[in-house]
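The values are calculated or read from the model by the stated rules, or taken from the named source; none is laboratory data. Small disclaimer: the values here were computed from a predicted structure and weren't measured. Here the Cβ positions follow ideal geometry from the backbone for every residue, glycine too, while neighbour counts run over all protein chains shown. The accessibility values were calculated without ligands, DNA or RNA, using every heavy atom of the protein model including side chains. Shrake-Rupley method; radii C 1.70, N 1.55, O 1.52, S 1.80 Å.
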Amino acid sequence: MSKGITSRNEDYSQWYNELVSKADLAEHSAVRGCMVIKPYGYAIWEKMQAALDQMFKDTGHSNAYFPLFIPKSFFSKEASHVEGFATECAVVTHYRLKNDGNGQIIVDEEAKLEEELIVRPTSETIIWNTYKGWIQSYRDLPILVNQWANVVRWEMRTRLFLRTAEFLWQEGHTAHATSEEAVEETERMLNVYATFAEEWMALPVVRGRKTENERFAGALDTYCIEALMQDGKALQAGTSHFLGQNFAKAFDVKFTSKEGKLDYVWATSWGVSTRLMGALIMAHSDDAGLVLPPKLAPIQVVIVPIYKTEEESRQIGALADNLIAQLKQKGISAKYDDRDTQRPGFKFAEWELKGVPVRVAIGARDLQNGTVELARRDTQSKETVPQIGLAEAIEQLLITIQENIYQKALTYRDAHITEVNSYEEFKKVLEGEGGFISAHWDGTVETEKRVKEETKATIRCIPLNNKEEEGTCIFTGKPSKQRVLFAKAY
């Protein structure tokens, strides 16, 4: 098949858009700013969901579901929260349509809602209004709840997976008796996200804290994981927020402590979204198509027959069925592509485009020699191996591929963290290969905003493993005690 994908070096943005389309991951919908996630793309998201969901449950969390619509008055109860989301909200004002008598459907002006409803941009307000009825005593705490849902944040400039008006995500919302417990939860979930990114997505991340200017609206502290894409831009891959008592006070959620005192509950929220699909694509894929880590590949092994006679087809099919059964016992997903409408070369290119980690080709000569051809998607290398012990060899190869994809991304990331000590150096790196730039900052919002205005680079995070280091801000020359990570970002 002809892939016709623009190369990354020629136009990275166009490469991404074409790859999402040609690999059958997603497409634009009839609703402006929204996307259709196609079956193959959704299968990858389902694997992400399953892994994360188990990690949440292993840390004591349960799933629940809350309404899509939120009364407008709820947003006004937490001032910084409403300010942070006001410009992104979709608002429902009426509850009925009618026929205008000329065959047109119009809004029934008499069916106006008494109070407008906001289509969920995030669920803190509706959830904390609900928690008020759930919490009276310390015995009711902690509440450890997660929700898998869709949200709407009105976007004018959209890109599939990376920025759409509607997207899928999970949002955790927990309630605690003490500040210490809530902070511990915030950090725990950050580490869950980092573990998922590195061990499942093969995506190295920097754990850090957001600056005051970049915090989630209504949070006292926001932790994040930041990843680096192949074009030198950063992508925020997950956030975990310490909300303090802000939402408990806004919705009057109090509890009686063991000592009999009445106090407000402490809160956290945390989430990742289908932006992770964009990160997966941009961190690993190449000019031939997707490169999927085996742990997240819907199809981990594809078997392609090469034959001339019906007898050869029958023998190869029997061999493939046996191999698939062995792989299934090992928890490995495999597909036998026995379509007679496409030639083997077309199938090779198609599965390469879709990022299947391992391809097994079996021909007439392999039947005679007791061999198969194994091809790796990550390195695009091929080798002839024995049929005996093939399932075990593939099992080990998938482990090797997962680690190799991670190491390749880690090597790239580490090679693109640059320390600079002047604004001139800073701008030179940005104009070159980009990446993370480690630089001193004076801690002020004003400086952060000026740098963003002049260079489009933002402070991605203050790394959690930072060491104190005397220095001067690259922009103002004022004293600084630690470096932060700047980058241009998605």
Subset of segment 413-443 that is open to solvent by less than 50 Å² (accessible area, probe 1.4 Å) and part of a strand (DSSP E or B) - its residue that is farthest from Leu203 (Cα to Cα): His440
Of all residues in segment 473-490 being more than 24 Å from Gly238 (Cα to Cα) and in contact (Cβ under 8 Å) with a residue 40 or more places away in the chain, which is surrounded by the most Cβ atoms within 10 Å (Cβ to Cβ)? Ile474
Looking only at segment 292-321, count every residue that is in contact with a helix residue (DSSP H, G or I) (Cβ under 9 Å, 6 or more places away or on another chain) and either open to solvent by 10 Å² or more (accessible area, probe 1.4 Å) or at pLDDT below 95 (or both) and tell me the total. 11
Would you check which residues across segment 444-472 are in a strand (DSSP E or B) and open to solvent by 70 Å² or more (accessible area, probe 1.4 Å) and list them? Thr472
Name the single residue, out of those in segment 171-230 being open to solvent by less than 10 Å² (accessible area, probe 1.4 Å), touching a His at 6+ places or on another chain (Cβ under 6 Å) and modelled with pLDDT of 95 or more, that is nearest to Gly434 (Cα to Cα). Thr222
Given the conditions (1) part of a strand (DSSP E or B); (2) out of contact with any His (no Cβ under 9 Å at 6 or more places or on another chain); (3) open to solvent by less than 80 Å² (accessible area, probe 1.4 Å), every one holds for Leu113 apart from (2)
So Ile281 ticks every box in (1) touching an Asp or Glu at 6+ places or on another chain (Cβ under 9 Å); (2) of a type outside the set (Phe, Trp, Tyr); (3) closer than 14 Å to Leu353 by Cβ; (4) open to solvent by less than 10 Å² (accessible area, probe 1.4 Å) but one. Which box is left unticked? (1)
Output yes when any residue across segment 117-128 is of a type in the set (Ser, Thr, Tyr), open to solvent by less than 60 Å² (accessible area, probe 1.4 Å) and in contact with a helix residue (DSSP H, G or I) (Cβ under 6 Å, 6 or more places away or on another chain), and no when none is. yes
Where the second residue is open to solvent by 50 Å² or more (accessible area, probe 1.4 Å) and assigned to a helix (DSSP H, G or I) and the first is at negative phi and touching a residue at least 40 places away in the same chain (Cβ under 8 Å) and lies in segment 48-72, which pairs have Cβ atoms under 7 Å and are six or more apart or on separate chains? Thr59/Arg188
Filtered residues of segment 400-423 (kept if touching a helix residue (DSSP H, G or I) at 6+ places or on another chain (Cβ under 8 Å) and aliphatic (A, V, I, L, M)): Ile401, Ile405, Ala409, Val420
Apart from one, (1) open to solvent by less than 60 Å² (accessible area, probe 1.4 Å); (2) under 28 Å from Leu25 (Cα atoms); (3) touching a helix residue (DSSP H, G or I) at 6+ places or on another chain (Cβ under 8 Å) all hold for Thr256; the odd one out is (2)
Looking only at segment 332-347, count every residue that is of a type in the set (A, V, I, L, M) and either part of a loop (DSSP other than H, G, I, E, B) or closer than 16 Å to Glu312 by Cβ (or both) and tell me the total. 1
Among strands (runs of 3 or more DSSP E) completely within segment 239-303, the ones holding 3 or more residues that are in contact with a Phe, Trp or Tyr (Cβ under 7 Å, 6 or more places away or on another chain) are 254-256, 266-273
Identify the residue in segment 22-41 that is without any contact (Cβ under 8 Å) to a residue 60 or more places away in the chain and within 20 Å of Ala297 (Cα to Cα) and, among all such residues, is most open to solvent (accessible area, probe 1.4 Å). Pro39
In segment 360-391, anything in contact with a helix residue (DSSP H, G or I) (Cβ under 9 Å, 6 or more places away or on another chain) and either over 15 Å from Leu319 (Cα atoms) or open to solvent by 40 Å² or more (accessible area, probe 1.4 Å) (or both) is listed as Leu367, Glu373, Ala375, Arg376, Arg377, Asp378, Thr379, Gln380, Thr384, Pro386, Gln387
Which condition number does Ala409 fail, the rest of (1) assigned to a helix (DSSP H, G or I); (2) in contact (Cβ under 8 Å) with a residue 60 or more places away in the chain; (3) open to solvent by 30 Å² or more (accessible area, probe 1.4 Å) being met? (3)
Just wondering, is there one or more residues in segment 449-461 that are small (Gly, Ala, Ser) and touching a Lys or Arg at 6+ places or on another chain (Cβ under 6 Å)? yes
Residues of segment 87-121 satisfying the condition of being of a type in the set (Gly, Ala, Ser) and within 36 Å of the chain's Cα centre (by Cα): Ala90
Of Met156, Met189, the only residue that is assigned to a loop (DSSP other than H, G, I, E, B) and out of contact with any helix residue (DSSP H, G or I) (no Cβ under 6 Å at 6 or more places or on another chain) is Met156
